[in-house]
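Enquirer: Here it is, the structure in full.
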Amino acid sequence: MGQAELLGLTMATATETATDFDTARHDSFGLRVQHVLHGNPVLGPLAVLVVAIIAFSLVNTRFFSAANLSLVLAQVTVIATLALGQTLVILTAGIDLAAGAIAVFSSVLMANFCTKLGMPGVLALLLGFACGTAMGALNGFLVTRIKLPPFIVTLGTLTIFFSLNAVVSKSETVRGSDMPSLMTWTGTTIPIGGFRLTYGSIIMLALFAYFFYALRSTAWGKHVYATGDDIEAARLAGIRTNRVLFSVYTVAGLLYAVGGWILIGRLASASPNVGTDYNLDSITAVVLGGTSLFGGRGGVLGTLIGALIVGVFRNGLQLGGVEVVWQGFAIGLLVLVAVSLDQWIRKVKS
Amino acid sequence: MRGSELILGRVCPALTVMTLLLGTAACGGGDDGGGSGGGDIVGLITKTDTNPFFVKMKEGAQQAATQQGLKLQSFAGKQDGDNEAQVQAIENLMSSGAKGFLITPSDSKAIVPSIDKAKQQGMLVIALDTPTDPPDAVDATFATDNYQAGKLIGQWAKAKFAKDGKQAKIAMLDLNANQVSVDVKRDQGFLDGFGIPVGDPNRIGDENDPRIAGHDVTDGAEDGGRTAMENLLQKDPSINLVYTINEPAAAGAYQALKAAGKDKTVTIVSIDGGCPGVDNVAKGVIGATSMQFPLKMASLGIEAIAKFAKDGTKPEATAGKDFVDTGAQLITDQPQAGVEAKDSAWGKQNCWG
């Protein structure tokens, strides 16, 4: 069942129950909220984001300025790009622990292609994308052909990619000034009003727009949801689930490599020692965005909001003078609330 | 039916892949403990083998071991904090009959029982860079005086700001939220050197001096440095002096300052003396940095074990300190009166990484 159908179905259920409310007034407000959220998983995270923005604006006047808001966007760009790939994987009821490792390793490879092998920027970039894609494809191969659980597969490849990353880079950082300008182009900012948008953020937003469309309106998108919802049923319905899964891991690998490129622009360097937390950060963004860890429910719009929630909290709490330990505490708490909410919404009576 | 299908369909291919991988790993991983002749065995256990600081340490240990006719076996954890791998490394060294080893403890407390066992077997144990807790669990510690390293850049910044007649607004870019001793000492040393009275010298962030604009954490990496600097600049745009725990964090902070158009007006100070950091001093990105000497730590450590193996003498701590101070050297191209420093050209010849 594709999301469009799913959405239509639940919308129908929601309207039915809405009419039920008129006749049976004892139905609680909570139940109504549960139904609305079930039909529109994005509403919950969106509400959290809006409330957080309003709250932080009240606490600190510097928070709600074009400059600061575009800063938050720039700060979450890399994680959001990774979380986009992660969303696709999680929609199929999988998980990708290697997301950050692929991104950082791809960025290091691109940089070294330029400096050690003297490749022109375009070639290094495309080859870097190809490497990221290949790493994703390896995950996909192990999941679909060797039939290992995604958690185990990506736990293994995570370690492998981080090790190779250290070997290839010799733990040395490559400076942006030693690379062709295309490599650091993603960090260039263009002022739009008071906003300072980076090309990296624009690429990220464009990718989100594309996958929003692809998941909603293409057969592939519907197959991704169906595979995640119930793989056995999807297979019986004639969907080649292995092919879907393989494509998801492979596309995710490519997205992580794009994230690696954006990372080079942001740091004006390619460092093998950054990004150790990116794997979990990307999962955090997906979970906060309302995509279910059990697959088949959620979407990329929520993930973008989820990434922004993390960014807004980190930035807002820092501006408000909250100690770093408590910033982590707040985000951890949000994750637990998000997962509890997901569980609650799943219990909706149809 | 399902059971056999499971075994044939899933477990067999998995085992095949694992065997293949293990086979490759076994073939490829032969360069550890790289052979330098027959002599006595000495060990080197670092936190990771990806950090350039530890890479340099390994290089220093290898050089010294070759000179002393010792056989070096080196080990490292998977990541900082990987105590388990270090415990295993000590066990391996004990069973191979090593004379002693150098260790950079990932977990200063948790490693102590293993060190005790090694000492009971008659091995000389030297901590490098990071002291154990308690410090006398090892026979000696060869390390940078991190408080002194922080103090040097603090004194330099104080002299520079006094000369320019500017009032400082300071951003403190620390390591993480755990109040790690290296982090605390550098942070507090800097404040002391700059002339800001420190509160509890064992705590970061308990000072109320209005010159401190704020603290944030970086994990000692570029991405953390950039985000932390961005957020602190939002909090207080008048920041004109940035203390950074290490040079990668400084490089990240510089990107944030550059994006805000403040790279020319804000001074960054740092600690480490890695080659990319010294390059940044030469380029004016970092105003001054305190250089540490990991190669020296390791080579002096190996020499001490060689001496111990010959005649049983143990190394003695630097006068007035509870460790052997391997030195910290201020590197800057803008020397200030009253603060001893070397320039970036000297720095490039002596940097690590």
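Enquirer: Filter the range B:229-248 down to residues that are more than 8 Å from every other protein chain (Cβ to nearest Cβ), within 20 Å of A:Leu317 (Cβ to Cβ) and open to solvent by less than 10 Å² (accessible area, probe 1.4 Å), then give me how many there are. Steps first, answer last, please.
Expert: Going residue by residue through the range B:229-248, those that are more than 8 Å from every other protein chain (Cβ to nearest Cβ) are B:229, B:233, B:236-247.
Still in the running and within 20 Å of A:Leu317 (Cβ to Cβ): B:229, B:233, B:236-237, B:239.
Subset that is open to solvent by less than 10 Å² (accessible area, probe 1.4 Å): B:229, B:239.
Within the range B:229-248, residues that are more than 8 Å from every other protein chain (Cβ to nearest Cβ), within 20 Å of A:Leu317 (Cβ to Cβ) and open to solvent by less than 10 Å² (accessible area, probe 1.4 Å) number 2.
Residues are listed down the side, and each one gets a yes or a no for (1) touching a Phe, Trp or Tyr at 6+ places or on another chain (Cβ under 8 Å); (2) aliphatic (A, V, I, L, M); (3) surrounded by fewer than 23 Cβ atoms within 10 Å (Cβ to Cβ); (4) within 24 Å of B:Met57 (Cβ to Cβ):
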| residue | (1), (2), (3), (4) |
| --- | --- |
| B:Val138 | no, yes, no, yes |
| B:Gly150 | yes, no, no, yes |
| B:Pro197 | no, no, yes, no |
| B:Asn202 | no, no, yes, no |
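Enquirer: While we're here: Taking the criterion of being of a type in the set (S, T, N, Q), modelled with pLDDT of 95 or more and surrounded by fewer than 24 Cβ atoms within 10 Å (Cβ to Cβ), would at least one residue in the range A:250-267 satisfy it?
Expert: Pass one, the range A:250-267, residues of a type in the set (S, T, N, Q): A:250.
Those left that are additionally modelled with pLDDT of 95 or more: A:250.
Filter once more, keeping what is surrounded by fewer than 24 Cβ atoms within 10 Å (Cβ to Cβ): A:250.
Yes - at least one qualifying residue is present in the range A:250-267.
Enquirer: Let me ask you something else. Would it be correct to say that A:Thr291 is of a type in the set (S, T, N, Q), surrounded by 24 or more Cβ atoms within 10 Å (Cβ to Cβ) and under 15 Å from the mean Cα position of the chain (by Cα)? Break it down into steps so the answer makes sense when it comes.
Expert: Working: of a type in the set (S, T, N, Q): yes; surrounded by 24 or more Cβ atoms within 10 Å (Cβ to Cβ): yes; under 15 Å from the mean Cα position of the chain (by Cα): yes.
Criteria met by A:Thr291.
Enquirer: Return a yes/no flag: does the range A:168-179 have any residue that is without any contact (Cβ under 8 Å) to a residue 12 or more places away in the chain and within 30 Å of A:Pro120 (Cβ to Cβ).
Expert: Restricting attention to the range A:168-179, the residues satisfying the condition of being without any contact (Cβ under 8 Å) to a residue 12 or more places away in the chain are A:170.
Narrowing the set further to residues that are within 30 Å of A:Pro120 (Cβ to Cβ) leaves A:170.
Checking the range A:168-179: at least one residue is without any contact (Cβ under 8 Å) to a residue 12 or more places away in the chain and within 30 Å of A:Pro120 (Cβ to Cβ).
Enquirer: Based on what the data block shows, is B:Asp192 in contact (Cβ under 8 Å) with a residue 40 or more places away in the chain and either open to solvent by 10 Å² or more (accessible area, probe 1.4 Å) or in contact with a Cys (Cβ under 8 Å, 6 or more places away or on another chain) (or both)?
Expert: Details: in contact (Cβ under 8 Å) with a residue 40 or more places away in the chain: yes; either open to solvent by 10 Å² or more (accessible area, probe 1.4 Å) or in contact with a Cys (Cβ under 8 Å, 6 or more places away or on another chain) (or both): yes.
Yes; evaluated as a whole, the condition is true for this residue.
Enquirer: Here's another thing I want to ask about it. For the range A:197-235, how many residues meet the condition of being surrounded by 19 or more Cβ atoms within 10 Å (Cβ to Cβ) and more than 15 Å from A:Thr81 (Cβ to Cβ)?
Expert: 12
Enquirer: Go over the candidates B:Asn202, B:Asn208 one by one and state the one that is more than 28 Å from B:Cys351 (Cα to Cα), touching a residue at least 12 places away in the same chain (Cβ under 8 Å) and among the polar types (S, T, N, Q).
Expert: Values: B:Asn208 fails: touching a residue at least 12 places away in the same chain (Cβ under 8 Å).
Unique residue meeting the criteria: B:Asn202.
So that you can scan it fast, the table gives a plain yes or no per residue for (1) in contact with a strand residue (DSSP E or B) (Cβ under 7 Å, 6 or more places away or on another chain); (2) at pLDDT 95 or above; (3) open to solvent by less than 40 Å² (accessible area, probe 1.4 Å); (4) among the small types (Gly, Ala, Ser):
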{"position": "A:Ala98", "(1), (2), (3), (4)": "no, yes, yes, yes"}
{"position": "A:Cys114", "(1), (2), (3), (4)": "no, yes, yes, no"}
{"position": "A:Leu126", "(1), (2), (3), (4)": "no, yes, no, no"}
{"position": "A:Val143", "(1), (2), (3), (4)": "no, yes, yes, no"}
{"position": "A:Val153", "(1), (2), (3), (4)": "no, yes, yes, no"}
{"position": "A:Ser169", "(1), (2), (3), (4)": "no, no, yes, yes"}
{"position": "A:Pro191", "(1), (2), (3), (4)": "no, no, no, no"}
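Enquirer: Follow-up question, since we're still on this one. With the condition kept exactly as written, say whether any residue in the range B:327-336 is under 23 Å from the mean Cα position of the chain (by Cα), loosely packed, with under 15 Cβ neighbours inside 10 Å and either on the phi > 0 side of the Ramachandran plot or among the acidic types (Asp, Glu) (or both). Before the answer, list the steps.
Expert: Looking only at the range B:327-336, we keep the residues that are under 23 Å from the mean Cα position of the chain (by Cα), and these are B:327-332.
With the extra rule that they be loosely packed, with under 15 Cβ neighbours inside 10 Å, the set shrinks to none.
Scanning the range B:327-336, I find no residue that is under 23 Å from the mean Cα position of the chain (by Cα), loosely packed, with under 15 Cβ neighbours inside 10 Å and either on the phi > 0 side of the Ramachandran plot or among the acidic types (Asp, Glu) (or both), so the answer is no.
Enquirer: Moving on. Regarding the range B:281-301, can at least one residue be identified that is under 23 Å from A:Leu71 (Cα atoms), open to solvent by less than 50 Å² (accessible area, probe 1.4 Å) and more than 14 Å from every other protein chain (Cβ to nearest Cβ)? Steps first, please.
Expert: Taking the range B:281-301 as the starting set, the residues that turn out to be under 23 Å from A:Leu71 (Cα atoms) are B:285.
Among the residues that remain, those that are also open to solvent by less than 50 Å² (accessible area, probe 1.4 Å) are: B:285.
Restricting the remaining residues to those that are more than 14 Å from every other protein chain (Cβ to nearest Cβ) gives none.
There is no residue in the range B:281-301 that is under 23 Å from A:Leu71 (Cα atoms), open to solvent by less than 50 Å² (accessible area, probe 1.4 Å) and more than 14 Å from every other protein chain (Cβ to nearest Cβ).
Enquirer: Being more than 13 Å from chain B (Cβ to nearest Cβ), surrounded by fewer than 24 Cβ atoms within 10 Å (Cβ to Cβ) and of a type in the set (A, V, I, L, M) narrows it down to one residue among A:Leu319, A:Leu301; which is it?
Expert: A:Leu301
Enquirer: In a loop (DSSP other than H, G, I, E, B) and either at positive phi or not polar (S, T, N, Q) (or both): is that true of A:Gly316 in this structure?
Expert: So A:Gly316 fails the test.
Enquirer: I've got another one for you. So, B:Ile305, is that one in contact (Cβ under 8 Å) with a residue 12 or more places away in the chain, within 14 Å of chain A (Cβ to nearest Cβ) and in contact with a strand residue (DSSP E or B) (Cβ under 9 Å, 6 or more places away or on another chain) or not? Please lay out each step first, then the result.
Expert: Working: in contact (Cβ under 8 Å) with a residue 12 or more places away in the chain: yes; within 14 Å of chain A (Cβ to nearest Cβ): no; in contact with a strand residue (DSSP E or B) (Cβ under 9 Å, 6 or more places away or on another chain): yes.
It is false that B:Ile305 is in contact (Cβ under 8 Å) with a residue 12 or more places away in the chain, within 14 Å of chain A (Cβ to nearest Cβ) and in contact with a strand residue (DSSP E or B) (Cβ under 9 Å, 6 or more places away or on another chain).
Enquirer: Just a yes or no: is a residue in the range B:130-137 over 30 Å from B:Leu232 (Cα atoms) and touching a strand residue (DSSP E or B) at 6+ places or on another chain (Cβ under 7 Å)? Before the answer, list the steps.
Expert: Of all residues in the range B:130-137, those over 30 Å from B:Leu232 (Cα atoms) come to B:131-137.
Subset that is touching a strand residue (DSSP E or B) at 6+ places or on another chain (Cβ under 7 Å): B:131, B:135.
Within the range B:130-137 (the criterion being over 30 Å from B:Leu232 (Cα atoms) and touching a strand residue (DSSP E or B) at 6+ places or on another chain (Cβ under 7 Å)), the answer is yes, since at least one residue qualifies.
Enquirer: So, one more: If I go through the range A:162-183 residue by residue, how many of them are more than 10 Å from chain B (Cβ to nearest Cβ) and not charged (D, E, K, R)?
Expert: If we filter the range A:162-183 for residues that are more than 10 Å from chain B (Cβ to nearest Cβ), which is where we start, we get A:164, A:168, A:178-183.
After this cut, where a residue has to be not charged (D, E, K, R) as well, the list is A:164, A:168, A:179-183.
The total comes to 7.
Enquirer: Go through (1) part of a loop (DSSP other than H, G, I, E, B); (2) open to solvent by 10 Å² or more (accessible area, probe 1.4 Å) one by one and return the number of the condition B:Gln349 breaks.
Expert: Condition not satisfied by B:Gln349: (1).
Enquirer: Only residues that are open to solvent by 50 Å² or more (accessible area, probe 1.4 Å) and either modelled with pLDDT of 95 or more or in contact with a Ser or Thr (Cβ under 7 Å, 6 or more places away or on another chain) (or both): list them for the range B:302-312, please.
Expert: Kept after step one, since they are open to solvent by 50 Å² or more (accessible area, probe 1.4 Å), are these residues of the range B:302-312: B:303, B:307, B:310-311.
Those that are open to solvent by 50 Å² or more (accessible area, probe 1.4 Å) and either modelled with pLDDT of 95 or more or in contact with a Ser or Thr (Cβ under 7 Å, 6 or more places away or on another chain) (or both): B:Glu303, B:Lys307.
Enquirer: Here is a further query. If you check every pair at least six apart or on different chains, which have Cβ atoms under 8 Å apart with a residue in the range A:321-344 that is on the phi > 0 side of the Ramachandran plot first and a residue that is open to solvent by less than 70 Å² (accessible area, probe 1.4 Å) and assigned to a helix (DSSP H, G or I) second?
Expert: Here the result reads A:Gly321/B:Lys235, each pair linking the range A:321-344 to a residue that is open to solvent by less than 70 Å² (accessible area, probe 1.4 Å) and assigned to a helix (DSSP H, G or I).
Enquirer: Within the group A:Val310, A:Val335, A:Val325, which residue is under 30 Å from B:Lys258 (Cα atoms), open to solvent by 20 Å² or more (accessible area, probe 1.4 Å), assigned to a helix (DSSP H, G or I) and at pLDDT below 90? Working first, answer last.
Expert: Details: A:Val310 fails: at pLDDT below 90; A:Val335 fails: under 30 Å from B:Lys258 (Cα atoms).
Exactly one of A:Val310, A:Val335, A:Val325 is under 30 Å from B:Lys258 (Cα atoms), open to solvent by 20 Å² or more (accessible area, probe 1.4 Å), assigned to a helix (DSSP H, G or I) and at pLDDT below 90, namely A:Val325.
The values are calculated or read from the model by the stated rules, or taken from the named source; none is laboratory data. This is a predicted model, so every value here is computed, not measured. Quick reminder, even Gly has a Cβ in these numbers, built from the backbone with ideal geometry, and neighbours come from all protein chains shown. Side chains included, ligands, DNA and RNA excluded: accessible areas come from the protein's heavy atoms. Shrake-Rupley method; radii C 1.70, N 1.55, O 1.52, S 1.80 Å.
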